[in-house]
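The values are calculated or read from the model by the stated rules, or taken from the named source; none is laboratory data. Computed from a prediction, not measured in an experiment: that's the story for all the values here. Positions of Cβ are backbone-derived with ideal geometry, glycine not excepted, and every protein chain shown enters the neighbour counts.
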Amino acid sequence: MAVTFNPVRITTDLWRHRYLIGQLIKRDVLLRYRGAMFGVLWVFLSPLLMLAIFAFVFGHVFQTRWPQQQAGLPFWLILYSGLIVFNLFAETVSRAPVSVRGYPSFVKKIIFPVDILPLVPLGAALVQGAFNVLILATALAWTGHLHSQIILYPLMLLPLLLLALGLSWFLAAWGVFIKDMSQIVPIFMQMLLFLSPVLYPASAVPEMLRPLYHYNPLGAVIEAARAAALGFPIPWYPWSLALALGLAAAVLGHAFFQRSREEFADAL
């Protein structure tokens, strides 16, 4: 199996299968909510319920204070703008270990492009993320804090999407051989929620640990996306570093997946 480290070649190959990717994502989204009482309304209800709980706990019980609140921004909007980013990442990575193992019939077809399967959780997470951004924009407009800079919000997510895709290729390959990965990864995602500047500002972290929050890719994207949504200066340098790291992770993840895929059929 030829392994490529060329981002352009990888992108071209994925673009060639864009219709198939779109159909798999559509199928995944519809199957997830099939038979549920509220159906696809859970795309809205799930993040809103989580937001309500976090806003109550961290806004009223722990009374977390953010610098942005000095500008009159409601606490829950500040929280939601970062929670969207984290949920997109966590949803994609948590489902990655079963993204290939869940389609054994596809894997055993020689002509099927197996490397597109880890894109399905990412695409499904993007569908929900798009609705969440729409809710965020509506809420900002309703409270009088909508800023034109919010159009940069999707761009701020690019490093995170590349990083999530790279990790998905890694975890999808490992998940074929190590079935415990589907149990291990969600636990790490829960830990990562409290180790990222989602529920508290990075400025609240002790000075000696602050660089770890500013320059880790997830923290950098959360801070950049939040700044874009709320109309504050965007930290471009950490975001650029995150973009470079995300690109490297995507290329290496794809190469690892391609090198491992010859053994998938035997393992399944």
**Message:** Scan the stretch 45-59 and tell me whether some residue there is modelled with pLDDT under 70, aromatic (Phe, Trp, Tyr) and in a loop (DSSP other than H, G, I, E, B).
**Reply:** no
**Fill in**
Scanning the stretch 103-142 for residues that are without any contact (Cβ under 8 Å) to a residue 12 or more places away in the chain and more than 25 Å from Leu230 (Cα to Cα) gives Ser105, Phe106, Lys109, Ile110, Ile111, Phe112
**Fill in**
Those residues of the stretch 184-201 which are part of a helix (DSSP H, G or I) and surrounded by 18 or more Cβ atoms within 10 Å (Cβ to Cβ) amount to Val185
**Message:** Considering only the stretch 207-223, I want to know if a residue exists there that is over 14 Å from Leu157 (Cα atoms), touching a Ser or Thr at 6+ places or on another chain (Cβ under 7 Å) and modelled with pLDDT under 90.
**Reply:** no
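Going through the stretch 208-221 one residue at a time, which ones are of a type in the set (A, V, I, L, M, F, W, C), over 12 Å from Trp236 (Cα atoms) and either in contact (Cβ under 8 Å) with a residue 24 or more places away in the chain or not in a helix (DSSP H, G or I) (or both)?
As a first pass, look at the stretch 208-221 and keep what is of a type in the set (A, V, I, L, M, F, W, C): 208-209, 212, 218, 220-221.
Those still in the list that are over 12 Å from Trp236 (Cα atoms) too: 208-209, 212, 218.
Scanning the stretch 208-221 gives a single hit, Leu218.
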**Message:** Here's a check for you: in the stretch 1-38, which residue that is modelled with pLDDT under 80 and surrounded by 10 or more Cβ atoms within 10 Å (Cβ to Cβ) is nearest to Tyr103 (Cα to Cα)?
**Reply:** Arg32
**Item:** Failed condition for His254, given (1) of a type outside the set (Lys, Arg); (2) in contact (Cβ under 8 Å) with a residue 40 or more places away in the chain; (3) under 30 Å from Phe56 (Cβ atoms); (4) in contact with a Phe, Trp or Tyr (Cβ under 6 Å, 6 or more places away or on another chain)
**Value:** (3)
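From the residues in the stretch 223-243 that are touching a Pro at 6+ places or on another chain (Cβ under 8 Å) and more than 25 Å from Gly144 (Cβ to Cβ), which one is surrounded by the most Cβ atoms within 10 Å (Cβ to Cβ)? It would help to see each step written out before you state the result.
To start, the set of residues in the stretch 223-243 that are touching a Pro at 6+ places or on another chain (Cβ under 8 Å) comprises 223-224, 227, 239, 241-243.
So of that shortlist, the ones also more than 25 Å from Gly144 (Cβ to Cβ) come out as 239, 241-243.
Numbers: Trp239: 21, Leu241: 16, Ala242: 27, Leu243: 21.
Residue satisfying both the conditions and the ranking: Ala242.
For residues that are buried (at least 23 other Cβ atoms within 10 Å of the Cβ) and out of contact with any Pro (no Cβ under 9 Å at 6 or more places or on another chain), scanning just the stretch 97-118, find the one that is nearest to Val176 (Cα to Cα). Walk me through it before giving the result.
Taking the stretch 97-118 and keeping what is buried (at least 23 other Cβ atoms within 10 Å of the Cβ), we get 97, 99-100, 117-118.
Checking the rest, the ones that are also out of contact with any Pro (no Cβ under 9 Å at 6 or more places or on another chain) come to 97, 117-118.
Details: Pro97: 7, Leu117: 12, Pro118: 12 Å.
Filtering first and then ranking leaves Pro97.
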